[in-house]
1. Here are the criteria: (1) of a type in the set (Gly, Ala, Ser); (2) outside any loop (DSSP other than H, G, I, E, B); (3) in contact with a Ser or Thr (Cβ under 7 Å, 6 or more places away or on another chain). Tell me which single one residue 422 does not satisfy.
2. Test of understanding: among 154, 175, 148, 180, which residue is touching a strand residue (DSSP E or B) at 6+ places or on another chain (Cβ under 6 Å) and of a type in the set (Asp, Glu)?
3. Scan segment 387-403 and report the pairs whose first residue is without any contact (Cβ under 8 Å) to a residue 24 or more places away in the chain and whose second residue is in a loop (DSSP other than H, G, I, E, B), with Cβ atoms within less than 8 Å and a gap of 6+ or a chain change.
4. Would you say residue 288 is more than 30 Å from residue 116 (Cα to Cα), touching a Gly at 6+ places or on another chain (Cβ under 6 Å) and either in contact (Cβ under 8 Å) with a residue 40 or more places away in the chain or crowded, with 21+ Cβ neighbours inside 10 Å (or both)?
5. Which residue is surrounded by the most Cβ atoms within 10 Å (Cβ to Cβ), if the candidates are limited to segment 36-52 and must be out of contact with any helix residue (DSSP H, G or I) (no Cβ under 9 Å at 6 or more places or on another chain) and part of a loop (DSSP other than H, G, I, E, B)?
6. For residue 127, indicate whether it is closer than 25 Å to residue 224 by Cα, hydroxyl-bearing (Ser, Thr, Tyr), out of contact with any Phe, Trp or Tyr (no Cβ under 8 Å at 6 or more places or on another chain) and assigned to a helix (DSSP H, G or I).
7. Looking at 374, 422, 414, can you tell me which residue is over 22 Å from residue 191 (Cβ atoms) and either without any contact (Cβ under 8 Å) to a residue 24 or more places away in the chain or in contact with a strand residue (DSSP E or B) (Cβ under 6 Å, 6 or more places away or on another chain) (or both)?
8. So, in segment 157-178, of the ones that are crowded, with 19+ Cβ neighbours inside 10 Å and among the aliphatic types (A, V, I, L, M), which residue ends up nearest to residue 271 (Cα to Cα)?
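Nothing in this text is a laboratory measurement; each read-out follows from the coordinates by a stated rule. Keep in mind that this is a model prediction, so the values were computed, not measured. Methodologically, a virtual Cβ is constructed for each residue, glycine included, from the backbone with ideal geometry; neighbour enumeration extends over all protein chains shown.
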Amino acid sequence: MDARAPTPDTDACGTPLDAAFLSDPYPTYKAWRDAEPVLWRDDVFQGAWVLTRHADVEFALRDPRFSAQRTGGWVKRIPGADAGPRGGRAQAALDDFQRTFARAMVFLDAPDHRRVRRAMAAGFHPSIVRGLKPQVEHLAQELLDPLDARAGFDFIQAVARPLPSRVIGLILGIDRRDEDEFVAWSEALATFIGALQPSLAQLGAARHALLQMVRYFDALVPVRRRAPGEDLVSRLVQAEDAGELRADGELAAQCAMLLFAGHETTRNLLGNGLHTLLSHPLQWNRLRGEPASMPAALREVLRYDSPVQYTGRRVASQLTLHGHTLRRGDLVLAMIGAANRDPDRFADPDTFDIHRREGSHLSFGSGPHVCIGAGLALLEAEVTLRDVMRRWPTLRLADSSPQWNGNAGLRGLARMTVRSEA
């Protein structure tokens, strides 16, 4: 079968751009998964194959026939993106944006991906991450100490938003005074990357943000070359000098995308994690009595409400999947959020259970592109949620309907007010 139109019964499966979907995408995922293993949707990225089952999503993340090098087709297929004469200012700006994206590790295939990941990995070795625990604890305490839970506070703005930027800033060795600017740039990129149908305005804001990040790191590199430290930028400068990174903007591209990814996904893990726990008081109280279960609870949080809902791939060579022909160049969306609720993989998948033992979530990806910063994200979440639980054991959600960020790809909360009686 070589269908390029929605399967007849999928029109009733929900539109991935409406408010109901953005608030709670899981009923739509179930409808998609029940309808067809492989769906063609015209309403996402000007047309894409959608995979919703755990086995298929993991297959797409691991098989080299699904390429991560998709940025050209992704960015330039936005209607109106390349308006203007070829070689004009609009086209040049778009080319700069696409080239910078294309240099980032997340958008590279082997062998370049292996080469860049090797250079990055030293900064995320488990021993390095473990050594950061006291500093992460200090940063979390700085944010939590001034808060008055009896009066109530917005956990997203007070904690989840600033903490990851401070931690990733610590790793990269960037000036804390630049924190607000970096957070704003990160949010512009997140809005663009997580949009199923990006607008020209979102494209423009993301292009500006990414290029500003690159300029910042381009200015920082010669400083670190003259006076290296223990930060990741210094390590990457050494890797570039040793020929492990190409001197064509690869270093700055890795730093920019790491800053964005390290901030946005961890912010949403913190927010989604606390929201999920407080929405299930029995599980919250169980975890209070079993603090050693926090790592298992975080695995279940990631499965139940993943900060990353999907990732994209381009078909590198034609293949057939569940009777559908996927042609070279076709876009494929591996729906991580849907795969994490697949009943073929998880018993009673819509139930949140911190003692769940079966199956493995895909929230950090799988295969060669598995998240390089997973250990750091888990450290930040464990440290912060432990401290919150210790300080305010009777914490509760103060809003009946917390405000979601409206981002289909990077699911998280824009606001979440919490309160404690004690």
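1. (2)
2. On the way: 175 fails: touching a strand residue (DSSP E or B) at 6+ places or on another chain (Cβ under 6 Å); 148 fails: touching a strand residue (DSSP E or B) at 6+ places or on another chain (Cβ under 6 Å); 180 fails: touching a strand residue (DSSP E or B) at 6+ places or on another chain (Cβ under 6 Å).
On inspection, the qualifying residue turns out to be 154.
3. That search, which allows pairs on different chains as well, returns 399/416; 403/416.
4. Values: more than 30 Å from residue 116 (Cα to Cα): yes; touching a Gly at 6+ places or on another chain (Cβ under 6 Å): no; either in contact (Cβ under 8 Å) with a residue 40 or more places away in the chain or crowded, with 21+ Cβ neighbours inside 10 Å (or both): yes.
No.
5. Across segment 36-52, the extreme among qualifying residues is 44.
6. yes
7. Within the list 374, 422, 414, the selection yields 374.
8. So the residue we want is 160.
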